[in-house]
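K.L.:
Submitted below is the structure of interest, expressed as C-alpha cells.
Just so it is clear, none of the values below were taken in a lab; they were calculated from the coordinates. The structure displayed is predicted, hence computed values, not measured ones. Neighbour counts are summed over all protein chains in view; Cβ atoms, including those assigned to glycine, are modelled from backbone coordinates with ideal geometry.
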Amino acid sequence: MRHPSPNRSTWAAAVLLAILAACKKERTESPAPPPSPVAGRSDAAKTATEDAADEPAADDAKVVAGEDEDFVARPCWNGSDWVARDAVGRPPGSTERCGRLGGKPFDETPLELLAGRLAVQGPQGSRLLPRTPGVMAAPEAPERESRVFCEDGNEKFVLMAWELFRSAGERLGTQVRTEVERETAGSGTAWCVEPLVPAAGGLRAYALVPDRLPAEGEALPVLSVLAVHPDGLVQLLRWYVNPPLAPDAAGCIALARRAAATLAAGPRRIPREAGARRLEAFSQTKELEVRLPADYVLTPQPGPDFAVHRIEPIVPLGEPGASLGFYLGDNPQPPPGSWAGPVERSKAPLLGEEVEWLAWFIPEHEGEPAEYHLEALRPLPDEMGFPHFLHAFITAGDAGLRDELREVAKSLRIVDRATR
C-alpha cells in the first residue's frame, strides 16, 4: 500500500498544552524501540504493600541536585485522596492498589526507552510495544517515542515517553511550574508539581500529579514526569490506566510513582554539533546530504515503501518549536493539503532546482498554537534509483525558526553513497 507524506509535523506534541492538560486530546499510544536490558535496581521489585510500609513522614523535604537552593521538594498534597505524598508511596489512608496490576512485583530488568536515552522498570510483564501506525503513516521513530504496555485481563497500565528536543535551564523547577500553570489554566484539572529523585544516572526530574482523573476517555493519565538527561535535554513520560482501573485512582498514581522512581539515564547522547548528515534514499549508489547548524537534530522515520526524515531545532523548554520533514516516496500529498485559507507562492531552490514553495499561516485557535507552514514538492529522476517524489514540509511556531529551516532545506543535495 502506498502512503502519502504528512503535511503537518509532530512538533506540537512537545508543547505542554497538548501533553499536560487532561482535558485536551490524549495520545494513547506510540512506538517503542527494541528492548536492550541495562542494569537494574533490586529494590524496585517491592510490592505496593511493602512500599507503603516504607512511606516517610509528610513533612520530609529534599533538595534536588542542580536545582535552586530555595526550591525545596515537598510532597504533593492538595487535600485530594488521589494525590500521592512521596516518591514511592501512597496517599494517606489509601487502601487501593491499582487493581491486580498494583499487586505485582516489578521486573528487575529495566526497559530501554527512546533508543537508549532512559531506562525504567514496571510491574511484572511490562513490555515495549510500539504503537500501530495508521495506514497512511510511517511508524514513529524509536528515538522520538516509546511505549511500555502492561496488562492483566481487562486492566491496562501504559507508559508513554517522548523526546521533546527541548533544553532545560538551571531553574527547571520554576520553569516547569510556570509552564504547567500557564498551559493548564481553565482545563478543570490541577497538576501538583514536585521534584522527583530518580534511580540513577544523573537525571533531574519533576513529577506532575493530577488532582483527578478525566471523566471520559480510554487512556486516563495518572502521572507525568519531565526528566532532564545529563546532556541537558528534556524528556516527557506519562503513565496511563484504562477505565476499569479508574476507581483505584489513588493506587494507580502510587503505582506510577513507584515506576517513576526507577527512572535512570541511558548512555545514548543526541549529536548536536553542526555538520553534514546523510539521509537514506532507497539507492544503492546515491544518498541525500543536508547541512545542519549546531543544535539541530535529524531523526529518520522509515516506512514500508517510503521514508520521512525529520529535522528539529533544540529550543528552550516553553518556547515554540519547529520541524522540517523530507518525504521520499511515490505518493506524496500535494501542498497545501486540506488547508483552504490564503496561500503565498514563491520560487526557491530545492535539491538544486528552482521549485514553487507554498506558505500559509494558521492562527492560534481553541488553545492550539499558531503555526507557520512552508512546503514544496518536486519529482526525482528515475535513474537515481529514488522514489519518484521529494516533499519538503516545514511547520514552525515562530517565523524565525521557519526561515532557518528553509535555509537548511536549501542545503539538501545528492551525493555518492561511497563519499564520506
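K.L.:
So how do Val209, Val193 line up by other beta-carbon neighbours within 10 Å, fewest first?
P.N.:
With the fewest neighbours first, Val209, Val193 line up as Val193, Val209.
K.L.:
If each Cα of region 165-258 is one equal point scatterer, what is log10 of I(q)/I(0) from the Debye formula at q = 0.25 Å⁻¹?
P.N.:
-1.32
K.L.:
While we're here: In nm, what is the difference between 0.36 nm times the number of residues separating Ala274 and Ala370 and their Cα-Cα distance?
P.N.:
Here the segment from Ala274 to Ala370 would lengthen by 31.7 nm.
K.L.:
Determine the dipole magnitude for region 292-420: charges of +1 sit on the beta-carbon of Lys and Arg, -1 on that of Asp and Glu, nothing else is charged, the reference point is the Cα centre, and the result goes in debye to the nearest 20.
P.N.:
420
K.L.:
In nm, to one decimal, how far is the Asp305 label point from the Ala399 one, both placed 7 Å along Cα→Cβ?
P.N.:
The two pseudo-label positions are separated by 4.2 nm.
K.L.:
Now a separate question. Considering all alpha-carbon pairs of region 110-154, what whole percent are spaced by more than 18 angstrom?
P.N.:
In whole percent, the long-distance tail amounts to 36.
K.L.:
Another one. Output needed: percent of Cα pairs per 10 Å distance bin for region 271-416, bins running from 0 to the one holding the longest distance.
P.N.:
It works out to 11, 42, 35, 11, 1, in whole percents.
K.L.:
Using Cβ counts within 10 Å as a stand-in for footprinting exposure, how do Leu255, Leu328, Leu288 rank, fewest first?
P.N.:
Leu288, Leu328, Leu255
K.L.:
Taking 0.36 nm per intervening residue step and subtracting the Cα-Cα distance, what contour gain separates Ala137 from Glu216 on full extension?
P.N.:
Gain on stretching Ala137 to Glu216: 25.7 nm.
K.L.:
With 10 angstrom as the radius, rank Cys98, Cys192, Cys252 by how many other C-beta atoms surround their C-beta, starting from the fewest.
P.N.:
Fewest-to-most Cβ neighbours within 10 Å comes out as Cys192, Cys98, Cys252.
K.L.:
Additional query: Under the Karplus relation 6.51 cos²θ - 1.76 cosθ + 1.60, θ = phi - 60°, what is the ordered set of whole-Hz ³J(HN,Hα) values for region 207-216, x standing for Gly and Pro?
P.N.:
Here the 3J(HN,Hα) series is 8, 10, 10, x, 8, 6, 9, x, 6, 10 Hz.
K.L.:
Report, by chain and number, residues whose modeled amide H sits under 5 Å from the one on Arg131, excluding near sequence neighbours (fewer than 5 apart, same chain).
P.N.:
Under 5 Å from the amide H of Arg131 lie the amide H atoms of Ser30, Ala32, each far enough along the sequence or on another chain.
K.L.:
Taking 0.36 nm per residue of sequence separation and subtracting the Cα-Cα distance, how much length would be gained by fully extending the chain between Phe361 and Thr285, in nm to one decimal?
P.N.:
Working it through step by step, the gained length comes to 23.5 nm.
K.L.:
Sticking with this one: So who's got an amide H within less than 5 Å of the one on Leu196, skipping anything under 5 residues away but keeping other chains? H placed 1.01 Å off N, in plane.
P.N.:
Those lying under 5 Å, H to H, from Leu196 are Ala205, Tyr206, Ala207.
K.L.:
If you don't mind, another one. Can you give the relative contact order of region 300-392 as a percent, counting alpha carbon pairs under 8 Å and 6+ residues apart?
P.N.:
Computed value for region 300-392: 25 percent relative contact order.
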